[in-house]
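The values are calculated or read from the model by the stated rules, or taken from the named source; none is laboratory data. Predicted model, so just to flag it, every value in this text is computed and none were measured. Backbone-built Cβ (ideal geometry, glycine too); neighbour counts: all protein chains shown. Side chains included, ligands, DNA and RNA excluded: accessible areas come from the protein's heavy atoms. Shrake-Rupley method; radii C 1.70, N 1.55, O 1.52, S 1.80 Å.
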Amino acid sequence: MNCSISGEVPEEPVISTKSGLLYEKRLIERHISDYGKCPVTGEALTMDDIVPVKTGKIVKPRSLTAASIPGMLGMFQNLFASDVSLRLPLQEWDALMLSNFALEQQLHTARQELSHALYQHDAACRVIARLKKERDEARSLLAQAERQAPLPASAATANVSALSNGKRAAESEDMGPGGKRMRPGVSDSIIAELTECNAALSQQRKKRQIPPTLAPIDALESYTQLSSHPLHKTNKPGITSIDINLSKDIVATGGVDSSAVLFDRTSGEILSTLSGHSKKVTSVKFVAQNDVFLSGSADKTVRIWQGSEDGKYDCRHILKDHTAEVQAVTVHATNNYFVTASLDTTWCFYDLSSGLCLTQVEDPSNSMGYTSAAFHPDGLILGTGTTGATVRIWDVKSRGNVANFDGHTGAVTAISFSENGYFLATAAHDGVKLWDLRKLKNFRSFELYDQDTPTNSVDFDHSGSYLAIAGSDIRVYQVGSVKAEWNCIKTLPDLSGTGKATCVKFGPDAKYLAVGSMDRNLRIFGLPEGDDASTES
């Protein structure tokens, strides 16, 4: 039985009739005279409430340390060093015990208050986090509602190219018979511009030579992963499209997280993250002039982004001419026009500067949506891939379907024209097919993967010397001819662990490959720096 104040065995034990607690008599007497209440419970207490406890005379057994003279000497020495009661008068000892008890009580109270404050702080943080999340969700829904809400009737009479806060309102266009929007069409001056561009590029192609700075075959054979960059969000991983600004060596990626990211490969830094789409970004394209960037999305819209001197990109136009997912965006060689292809079975021809849809082409005989699109290098031919495994070739001037390529299985996921102007590569579920545009026939097929693994991307390098294919891995082929073999010179594994490389693009002079997969990382494959110098020598 220990004293409730000092914690030691009392010499004159007394007990409180109110609380039943045991005390040292002199300690409780002094506490009552000073405070008039119980030191533990805090209730009023007088000496009349204190009852002495009578104990028998019991001799305590000696401890083991007291069984020998050295042990007793050590015990006395420790006792003298530690026990304050041997060195202090009795009055001072009692005061010390009461002060120590008061400090313990205050410490206990402070601990309780601190615990309560910490609990309140944690609850407040949780409430703040929940409110922030609700605020962000409300902002997102509000932005989405603003994008989808029709303009007021007063704006419906405005010109089709009218701008509101830098964003073109497609809803304001005049409606024609059958509820279809009226388009201004492709004028004779535009057709003349396209024809002039075609003639100039065709003339240049006849004199075209392989650039001496192009990466040689033995360099591509030594390609390995140089870097991996987590550009997109972890909660919605996946890179769906890639494009490269060859003059600035900037890589753009479109992601499942509804954003497009511009990445400086040289410095390894993210230049800008473009947000605004409400669903995944399906296609990204650089415009070679005026620092303009295009993005298409599954939210049925296309956005035109304008770069500024500080490196930021602002959305200049939001195009809402399609009624289903936009699957592809491709820029004309003039850098003044571009085409979008959608699952709504139409493709649109736009003026880049105004964001105006000049014409929306729909073939009544075709019920298949478009999954890919690309301009021929000369600009007068457009290739589109469909959900029905057909590749459709269009004359841009007349917007007429001039040829169809059949033979694929599944949707045509990617299209790439060679810079030589003769070859077209298309990718689908069953692999890659090569087409001769002069004879309009398939002259070679690559069935690379099993029937459960589609081929997702195909890309000729800018010189037309190499062809890259992405599926469950990445393969690079040396471009041959109609009769000569196309040799696979390098196979790179998909290091994402997803088994699905979604897009691939050659860098300047085929010095590296940019690869996107169904994780959030952009991977760069190329020649290590030490090997690069030896290869060039």
Any hit, segment 527-534, residues being modelled with pLDDT of 90 or more and either out of contact with any Gly (no Cβ under 9 Å at 6 or more places or on another chain) or in a strand (DSSP E or B) (or both): no
Hits in segment 431-463 (condition: at pLDDT 90 or above and touching a Ser or Thr at 6+ places or on another chain (Cβ under 6 Å)): Gly431, Val432, Lys433, Asn456, Val458, Asp459, Phe460
Whichever residue in segment 360-389 is buried (at least 18 other Cβ atoms within 10 Å of the Cβ) and of a type in the set (Ser, Thr, Tyr) and, among such residues, is nearest to Thr323 (Cα to Cα): Tyr370
Contacts under 6 angstrom Cβ, first residue in segment 305-332 being within 19 Å of Ile244 (Cα to Cα), partner open to solvent by 30 Å² or more (accessible area, probe 1.4 Å) and at pLDDT 95 or above, 6 or more apart: Val329/Lys285; Val331/Lys285
Residue list for segment 187-207, filter: open to solvent by less than 90 Å² (accessible area, probe 1.4 Å) and either without any contact (Cβ under 8 Å) to a residue 24 or more places away in the chain or in a loop (DSSP other than H, G, I, E, B) (or both): Ser187, Ser189, Ala192, Ala199, Ala200
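Okay, residues lined up against (1) among the hydrophobic types (A, V, I, L, M, F, W, C); (2) buried (at least 17 other Cβ atoms within 10 Å of the Cβ); (3) touching a strand residue (DSSP E or B) at 6+ places or on another chain (Cβ under 6 Å):
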site: Asp436; (1), (2), (3): no, no, yes
site: Lys439; (1), (2), (3): no, no, no
site: Thr455; (1), (2), (3): no, yes, yes
site: Asp459; (1), (2), (3): no, yes, yes
site: Gly464; (1), (2), (3): no, yes, no
site: Ser472; (1), (2), (3): no, yes, no
site: Tyr477; (1), (2), (3): no, yes, yes
Filter result (open to solvent by less than 10 Å² (accessible area, probe 1.4 Å) and in contact with a helix residue (DSSP H, G or I) (Cβ under 6 Å, 6 or more places away or on another chain)) within segment 272-306: none
Meets criteria (within 30 Å of Arg303 (Cβ to Cβ), modelled with pLDDT under 85 and surrounded by 10 or more Cβ atoms within 10 Å (Cβ to Cβ)) for Ala153: no
Qualifying residue in segment 257-271 (condition: out of contact with any strand residue (DSSP E or B) (no Cβ under 6 Å at 6 or more places or on another chain), surrounded by fewer than 21 Cβ atoms within 10 Å (Cβ to Cβ), aliphatic (A, V, I, L, M) and on the phi < 0 side of the Ramachandran plot): no
Filtered residues of segment 79-119 (kept if in contact with a Leu (Cβ under 8 Å, 6 or more places away or on another chain) and at pLDDT below 75): Leu79, Phe80, Val84, Leu86, Leu88, Asp94
Residue within segment 279-291 that is closer than 30 Å to Ile489 by Cα and among the acidic types (Asp, Glu) present: no
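Among the residues of segment 4-21, are any of a type outside the set (A, V, I, L, M, F, W, C), part of a strand (DSSP E or B) and either at pLDDT below 85 or loosely packed, with under 11 Cβ neighbours inside 10 Å (or both)?
Within segment 4-21, the subset of a type outside the set (A, V, I, L, M, F, W, C) is 4, 6-8, 10-13, 16-20.
Retained after the next criterion (residues that are part of a strand (DSSP E or B)): 13, 16.
Adding the requirement that they be either at pLDDT below 85 or loosely packed, with under 11 Cβ neighbours inside 10 Å (or both) leaves none.
No: segment 4-21 contains no residue that is of a type outside the set (A, V, I, L, M, F, W, C), part of a strand (DSSP E or B) and either at pLDDT below 85 or loosely packed, with under 11 Cβ neighbours inside 10 Å (or both).
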Segment 222-242, subset open to solvent by less than 20 Å² (accessible area, probe 1.4 Å) and closer than 22 Å to Lys490 by Cβ, residue farthest from the chain's Cα centre (by Cα): Tyr223
Test for His322: is it assigned to a loop (DSSP other than H, G, I, E, B), in contact with a Lys or Arg (Cβ under 7 Å, 6 or more places away or on another chain) and more than 24 Å from Leu437 (Cα to Cα): yes
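Please verify whether Trp394 is among the aromatic types (Phe, Trp, Tyr), touching a residue at least 24 places away in the same chain (Cβ under 8 Å), touching a strand residue (DSSP E or B) at 6+ places or on another chain (Cβ under 7 Å) and farther than 19 Å from Trp486 by Cα, treating the condition exactly as stated.
yes
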Matching entry among Ala219, Ala170 (being open to solvent by less than 90 Å² (accessible area, probe 1.4 Å) and either in contact with a strand residue (DSSP E or B) (Cβ under 6 Å, 6 or more places away or on another chain) or at pLDDT 90 or above (or both)): Ala219
Within segment 363-387, tally of residues that are modelled with pLDDT of 90 or more and either in a strand (DSSP E or B) or farther than 29 Å from Gly464 by Cβ (or both): 13
